[in-house]
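Chemist: Have a look at this one.
The values are calculated or read from the model by the stated rules, or taken from the named source; none is laboratory data. Please read all numbers here as calculations on a predicted model, not as lab measurements. Because the Cβ atoms are built from the backbone with ideal geometry, glycine has one as well, and the counts that use them run over all protein chains shown. With ligands, DNA and RNA removed, areas are computed over all heavy atoms of the protein, side chains included. Shrake-Rupley method; radii C 1.70, N 1.55, O 1.52, S 1.80 Å.
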Amino acid sequence: MRSRRLLWVLGAVLLLGTGVAAALFLAQRRDVTTSSTAAYEAYREAVANEGRFYFKEARLGFAKALELDPQFAMAMLGLARQAKDDDQRETLIRRAAKDTGRLSERERLHVQMQTAFAEKRSDNALEIASELHRKYPTDVRSAMTLAHFELAKGKNDKAIQIFEELLAVDPNNAEAYNQIGYYHGYRGDYEKAMEYLTKYKFIAQDNANPFDSLGEVQAYSGRYNEAIENLNHALAIKPDFIASIGHLAVVYEGLGDYAKAMEQYERAAELSDSTRMRWDFLLRAMRTRFYAKDPEGLARLHTAIKALPRDPSVEKYAQIGLAFGDAALDLAQGRPAQAEKRLRDLAPKLDEIVRIEKPPAGYTPHFPEWNALMALALEAQGRPEEALAMWQKNANPPNGFASFEQRRAVYEARACVAEILARRGDLDGAEKLIAENRKWNANWAPTREAEVAVAELRRAKVLAASK
């Protein structure tokens, strides 16, 4: 698992939380400002759990540190990163920003960076992250922030360079190995990804996350047996490590065992302790039901999502998620025209979200979920040329991808473009796209139908030419 503080609806790298440990009473050799030794120890353990991706334990640790020292600014920022809703996050960040005069420069910069993100001043937040990174080269969170944005701009090499620089001054930085491993994995360089993730595992071998990271990269690379082994190892270390349950679902999707995939997604949703995560896993389960051509199961999940507790701080995103679910249900139940209308009505709301979130300069709004559903609706109405335009938007996104989910949208769109091209007679173009996909994963069940269609059209052409 890698850091995923991303705006889930847009698939954009709009980081919702940043700010990490800084420097306290130097005479006491602490690295954050607190008057309580007990609060400091609780904070250190919380930061360690955050680095392990044990978020529930991190949240409890930051809360304990803040209870022991109500003025502990860095504990406020830590708890804000783990907050279950935006209102709590913003309240904690405002508290941290009230009295920064007693903090070290590094702490103040973290407070300023996290405040800028909370206030949707992404460009300003990046400037502060750059200053932090320049002044404090071992600071992981500022390096991570800058690297994510470079990746979102498609500058993969620059993102990797930032973490390589971090390793140059801190050779045992486990998080840097984890992040670099993921970046190589996104690019399809499996061997390089394994090199860094294996080093990560060696440094943090008692932690579930290295095995989860290995398993996730293997799941998206088509190494399904290895992925299952590593993900089960992660769960043996920490049975409630929800990320690994979700990644097992990805494995079964890739294998085409949709029943097991749905079971794992729903299990992850059940174990999640936040409404946001339940939304995420249930929406993924809905997508899998769609692949499995199971409209009854899709309808059941859609009802379950509607019944989830509503969080006012993310209501605007919830409404968009529900609209996507409505459109998927329309498609599954044979109402493509209704799905198209629903999606066109939704488009202005997506534009409004972009306006509210104020993405950084250079980011182009892109909605892969909307494009994919619209393409399916158009195809179902016999409008393949219009559908092709939608699939091509996803196959050639305007921004880089900063997660395997975002890369997956590219992969699956390429396969759909390939099938349409093949049916138009452009078999060479279609096969080129399929070949590009197989560099990432040679065996991904959700695209199998499209790949088979292309292969059958090629075979028919060869047979016709031989007569």
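Chemist: Among 263-274, 138-149, 102-113, how do they line up by average Cβ neighbours within 10 Å per residue, starting with the highest?
Modeler: Averaged packing, sorted descending, gives the order 138-149, 102-113, 263-274.
Chemist: Report, ordered by chain and residue number, the lysines lying within cross-link reach of Lys84, taken as a straight Cα distance under 30 Å and ignoring same-chain residues fewer than 8 apart.
Modeler: By straight Cα distance, Lys84 reaches Lys56, Lys64, Lys98, Lys120, Lys153, Lys201, Lys238, Lys260, Lys306, Lys316, Lys349, Lys358.
Chemist: On a 0 to 90 degree scale, rounded to 10, what angle separates helix 427-440 from the longest Cα axis of the chain?
Modeler: The answer is roughly 30 degrees.
Chemist: Next question, about the same structure. In what sequence, highest mean first, do 196-202, 368-374, 81-87, 437-443 appear when ranked by Cβ atoms within 10 angstrom?
Modeler: Highest to lowest by the protection proxy: 368-374, 196-202, 81-87, 437-443.
Chemist: Give, in nm to one decimal, the length gained when the segment between Thr364 and Thr138 is fully stretched (0.36 nm per residue of separation minus the Cα-Cα distance). It would help to have the intermediate numbers written out before the result.
Modeler: Numbers: separation 226, 0.36 × 226 = 81.36 nm, distance 3.11 nm.
Result: 78.3 nm gained on full extension.
Chemist: Let me ask something else about it. Relative to a virtual label point 7 Å from the Cα of Ser36 in the Cα→beta-carbon direction, which members of segment 103-121 show backbone nitrogen distances below 12 Å?
Modeler: Flagged as within label range: none.
Chemist: Considering the convex hull of the alpha carbon atoms of the chain, report its projected area averaged over all viewing directions, in nm², one decimal.
Modeler: Value for the chain: 22.2 nm².
Chemist: A further question follows. When the convex hull of the Cα atoms of segment 153-218 is projected onto a plane and the area is averaged over all directions, what value comes out in nm²?
Modeler: Computing the convex hull of the Cα atoms and averaging its projections yields 4.1 nm².
Chemist: Accessible area of Val462, 1.4 Å probe, to the nearest 10 Å²?
Modeler: 90
Chemist: Can you quote the Å³ per residue value for the convex hull of the Cα atoms in segment 391-464, rounded to an integer?
Modeler: 80
Chemist: Need the list of lysines near Lys461 for cross-linking: C-alpha distance under 28 angstrom, and skip anything on the same chain fewer than eight residues off.
Modeler: Lys461 reaches Lys432, Lys439.
Chemist: If you don't mind, there's one more thing I want to ask. Considering only protein heavy atoms and a 1.4 Å probe, what is the carbon-and-sulfur percentage of the accessible area of the chain?
Modeler: Within the chain, the accessible surface is 52 percent carbon and sulfur.
Chemist: A further question follows. Which is farthest toward the positive dipole end of segment 95-249 among Gly101, Leu214, Gly246, measuring Cα position about the Cα centre, with Cβ charges +1 (Lys, Arg) and -1 (Asp, Glu)?
Modeler: Positive-most Cα among the choices belongs to Gly101.
Chemist: Given 4 °C and 1.567 mPa s, how large is the Stokes-Einstein diffusion coefficient of segment 88-233 in µm²/s, with Rh as the Kirkwood radius over Cα pairs?
Modeler: Result for D is 78 µm²/s.
Chemist: Quick check: with the 1.4 Å probe, what order do Asp170, Asp157, Asp212 take by accessible area, largest first?
Modeler: Ranked from most to least accessible, the order is Asp157, Asp170, Asp212.
Chemist: Taking the convex hull of the Cα atoms, report for segment 322-454 its projected area averaged over all directions, in nm². Spell out each step's value before the answer.
Modeler: Working: hull surface 34.4 nm².
Averaged projected hull area, Cα only: 8.6 nm².
Chemist: Can you tell me the 0 to 90 degree angle between the C-alpha axis of helix 208-221 and the longest principal axis of the chain, rounded to 10?
Modeler: 20
Chemist: Here's something else I'd like to know. So how tilted is helix 404-423 from the main axis of the chain? Cα-based, degrees 0 to 90, rounded to 10.
Modeler: 10
Chemist: Which whole-number percent gives the relative contact order of the chain, counting Cα pairs below 8 Å spaced six or more residues apart?
Modeler: 12
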